[in-house]
Each structure stands twice: as structure tokens, then as C-alpha cells.
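See below for the structure under consideration.
Taken together, the values in this text are just the output of simple stated rules run on the coordinates, not laboratory data. These numbers come from a predicted model, not from an experiment. For neighbour counting, all protein chains shown are included, and Cβ atoms are generated from backbone atoms with ideal geometry for every residue, glycine included.
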Amino acid sequence: MLRRDILKAGAAWLGSRCLPAHNGALCTAASPAGSDVGFRHRGYLGWITDLSSQPDPHAAWPSMRLDDRLLEDYRRQYELLARLGFNEISIWGLYVSDAWPLDITSCVPPERGRRVEKLIEAAHRHGIKVLSGLGVYSWGFREIIKAHPKLAPTSPYAMCASDPDAWLWMEKVIDFVFSRFPIDGVSMQSADQGRCECPKCSEYSTAEYHALINVRVSEYIRAQWSGKIIGVNSWGLPLGDEASVPSLQKIGKMADYFIDARGAQQWEHEGLRRRLIASMACDFGTIGGPQVEPPQHWRRDRWFLPTLRRTGEHIAALAADGGRACEYFFHIIANPGDEICLRLAGKMLNAPRVAWQKHLHEAVEEMFEPRNEQATGEITRLLLRCEEAYFKYLPSNISGTISLEPLVGDRPGPPIYLTERLTADQRSGYGAELEAVVPGFERLVAEVGQPEKIRTTIACLKSVLADLR
Ligand SMILES: [Zn+2]
């Protein structure tokens, strides 16, 4: 379709009456007066070691470690996730990191296979469905492309959507992914590593190109592996204008949910996202607001960056626009700032119309076990103060990832969230604020049933102060 036609289609759509929102079981289930409508896809997503209680300081990113310790971390997180009401987990790295081997199947040695099976069984025991990350025409095809350069005429990472042989490779990967492990679905990404720009593919706009390959893969999965959940994540795909709407609607007809990784900040005018959501046949969602990217190489007490108000406001606004899906990033519960955010996010996804402050109050009570109401209030106030101390310097309405250290590397990296996101003056303001909250947390050690959580919080704050010096 020419760009002119897309604009016309978008305009026609905007002028028409929007279709009713998705009519799935959860949305139509009779709910008592005053009750909330939770999200249908309360998902949790990350690379396989992103939730680990232990860092992998010397592994190249993404670490593929899957040992007994990590399995134990998963068991502990599943218990918490189930309590919080998460119902899906999307894991990247069950099979490979970034390159399928040429025979596809040799990527999972028997011992690793047994551990992956345990990881999936444990999720199912807690009522959580397991989705695998799935690269669509890119992410994972590096070795295949190296051996068959014709598959990708314009990129070392992205196969050509117009080459029938590239589809045969994609099909092989899909069949292996669904036959090797009893997964419940896939969270797909096609845009993170770019696209093919050969003359044939160049006839498509970027949104059309990614719709084409996501729909092609979804149709195949529906036909060959029926009953599986299909999520499509837009990572790397610019959205937000009316021209991209018809392509998103095509994806919506085939997928169960669509994730807009950047959130409302990228929509060109107010109301467009709401009307898009109403017109899509699938559930729509985001990654849940600003996400602190799990730092693979760092000690778990090196940062303290809660995103409470922003998570609460982001999920509430998404729900108000009709959003019913989320792929919330893995959080490291060995870090109390991460744990409290995960708890709040789970509660918000279940009851997004309840004020986030009420959910936060409950989350603080459950996590720290304060001895009285005053201590609950004080912990909450200090946590929110820590959030503002950093985020007041960043754009409001931020959604997306905040890298603490450089993502790609094989050793602990420098604290770029301090050096690259803040000016020298802002760093000194942030440091002064954190210095000021430490005594408050110290007084709380004797006021809670979980003093270790407060002590770890203090250790985290002191680590940040050391990084600021
Ligand atoms: Zn091409």
C-alpha cells in the first residue's frame, strides 16, 4: 500500500465509529457493582537470568546460566507472582541467546532441557502460563544468515520477508519452539534488530513490513499450534501516528495481545491511543511504564530506584484507555526497591481502578510488616521521596527501560543511569536527597517485622551514594 493510501485508510478509520472493545471472557464477565476490571494478560517478561538473586558479573550479555540456584529463584518468584495475580511469564533464552544453530535442535543439551522443563512445570503448578520470547525474522538468525547470506541481503541480523527460503527457516524455528517444550505461547518481536530493505521489502512502510511478518507467523501458529497465546511486542517499531493504525489493526486480528513498548509518550495526540485500542481486535498493553533494566553484572544492592508513582499512574492511564495487557519487566527481589515495584505492579494489573496509593499502602504492609500505621506511612513517604529524587530530572510520562549499566558487556559496567542521564548538578542534588532519607530508614529498623528489608534498603542507598562520589 502506498503511503498516501495508508493515510487515507487511517483518516477513514478515525472518522468512523470505533468498534467495541475486546469482548473476551474477562471483560464481559459480570462484575459486581463498584468492582474493578483487571488486565487479561498480567505478564512478566525478561531474559532468563534477569530475575536472578545473584549477578553474573563475568558472563557476556545475555547470560544463559540455568543452574539450581536460578531454578530456586524462579520458584520463589512464582510464589510471589501467583500471590500478586500475575498469570503469564515470557522468558527469553529458554533455547538460545541470539543465534539458532544451523540444525536448530542441538541448541538445548539434555541437562539444560531437563532444567527448562522443571522451570515450566513450576510455573504451571502456580497457575502461571509460560511464553517463550520469539524473534520474528530477526533475533536469533545471525548464524543462519552467516551460513546463507542470500537470506538477508541488507542486514546481518534481519532475514528478508520477501524470500520464501527465509520463511522455511522461520517455520523450522517455530516448530522446534513449540515441540521441544510444553510452552503456552510466544511473545514475538520483529523490529528490535531492524528489517530488510531490499527493493521488494522497501515497497512496505516499516509498520506494514512488521505487520506482514507478524501476521504471517501468527497465522502459521494458529494453524499448526492452535490454542497457544500469541503476543506481539513492538520493541524497535516507531508507533504513534495515524499512518501506522491499519497495520496495527492487522496484527490485532491475529494476535492475542499487542504491546506498545514505549507507552503513551509517543502518541502524537491525546485520544489517538484510546481510539486505536477500541478498534483493535486483540488486547493492547505496554511494559508498565519506566522499567529499571535488570543489571546482569551488578551486586544486587548497588541501586535503589523505585518507580512507584510512575508505575501506578502509567497502569491506571493505560487501563482508562482500554489497555488490558502488560509485559512487566523482571524485577530482582533481592533489591527492596525492585521488590516493592513488582508488588505494586501486580496489584495494579488486577485492580487498575483502585488508587495506586491504596495498593502501595498494602504492598508496604505485606513486604515490610510495619508495627503500626505510622511506620507504614513513613516507609511509604521515604520510598516515594527516593523515586522523586531521581525521576524529577527525567522526562515526565516516561515509559521504556532505564539502563543502570551498559546492557551489553561481560563485566560490571559503570553507573550510566547517573553519569549519562543526570548532569553534575543533578547528581549532587540526588545525592543530597538520598543522604537525607538514610536516617529515616535507620529509625525504621526497629519498627518493622522484616528489618532485613530495611537494612538492605540502607545498604542499597549507601551503594548509590558511593557511585555518586
Ligand atoms: Zn527483503
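So how do 398-404, 112-118, 38-44 stack up, highest first, on mean other-Cβ count within 10 Å?
Highest mean packing first, the order is 38-44, 398-404, 112-118.
Long-range amide H contacts for Lys129: which residues qualify at under 5 Å (H placed 1.01 Å from N, peptide plane, sequence gap of 5 or more or a different chain)?
Glu88, Ile89
Going by amide H atoms built from the backbone, whose H comes under 5 Å of the H on Trp47, apart from near neighbours?
Trp92
What is the distance in Å between the Cα centres of the range 56-131 and the range 396-469?
That distance is 29 Å.
Which whole-Hz couplings ³J(HN,Hα) result when phi for each residue of the range 172-187 is put into the Karplus expression 6.51 cos²θ - 1.76 cosθ + 1.60, θ = phi - 60°, listed in order with x for Gly and Pro?
Per residue, the Karplus-derived 3J(HN,Hα) values read 4, 5, 4, 4, 5, 4, 7, 8, 6, 10, x, 7, 9, x, 9, 10 Hz.
Which value at 222 nm does the chain reach when only helices count, each DSSP H run of 4 or more adding -39,500 (n - 2.57), with the total divided by all residues and rounded to the nearest 500 deg cm²/dmol?
Helix contribution divided over all residues of the chain: -14500 deg cm²/dmol.
Can you report the principal axis dimensions of the range 356-445 using only the alpha carbons, biggest first, rounded to whole angstrom?
Its Cα atoms span 43, 29, 25 Å along the three principal axes.
If you count, for each residue, the other Cβ atoms within 10 Å and average over each peptide, how do 67-76, 336-345, 318-327 line up from highest to lowest?
336-345, 318-327, 67-76
Magnitude of the Cβ-charge dipole of the range 233-278, K/R +1 and D/E -1, about the Cα centre, nearest 20 debye?
Here the size comes out at about 140 debye.
Can you divide the C-alpha Rg of the chain by 2.2 N^0.38 Å and report the result to two decimal places?
0.98
Pairing the Cα long axis of helix 451-468 with the longest principal axis of the chain, what angle in degrees results, from 0 to 90 and rounded to the nearest 10?
Helix 451-468 sits at roughly 70 degrees to that axis.
Which order do the peptides 361-368, 227-234 take when ranked by the mean count of other beta-carbon atoms within 10 Å per residue, highest first?
Highest to lowest by the protection proxy: 227-234, 361-368.
Helix 206-224: angle to the longest alpha-carbon principal axis of the chain, degrees 0 to 90, nearest 10?
80 degrees
Could you pull out every residue, at least 5 positions away or on a different chain, whose amide H is within less than 5 Å of the one on Ala60? Hs are placed 1.01 Å off N in the peptide plane, and Pro or chain starts have none.
none
Assigning unit charges at the beta carbon (Lys, Arg +1; Asp, Glu -1) and nothing else, what dipole magnitude in debye, to the nearest 20, does the chain show about its Cα centre?
540 debye
Per residue of the range 91-100, what does 6.51 cos²θ - 1.76 cosθ + 1.60 with θ = phi - 60° give for ³J(HN,Hα)? Whole Hz please, x for Gly and Pro, Karplus curve as stated.
Ordered by residue, 3J(HN,Hα) equals 10, 8, x, 5, 9, 9, 8, 10, 8, 5 Hz.
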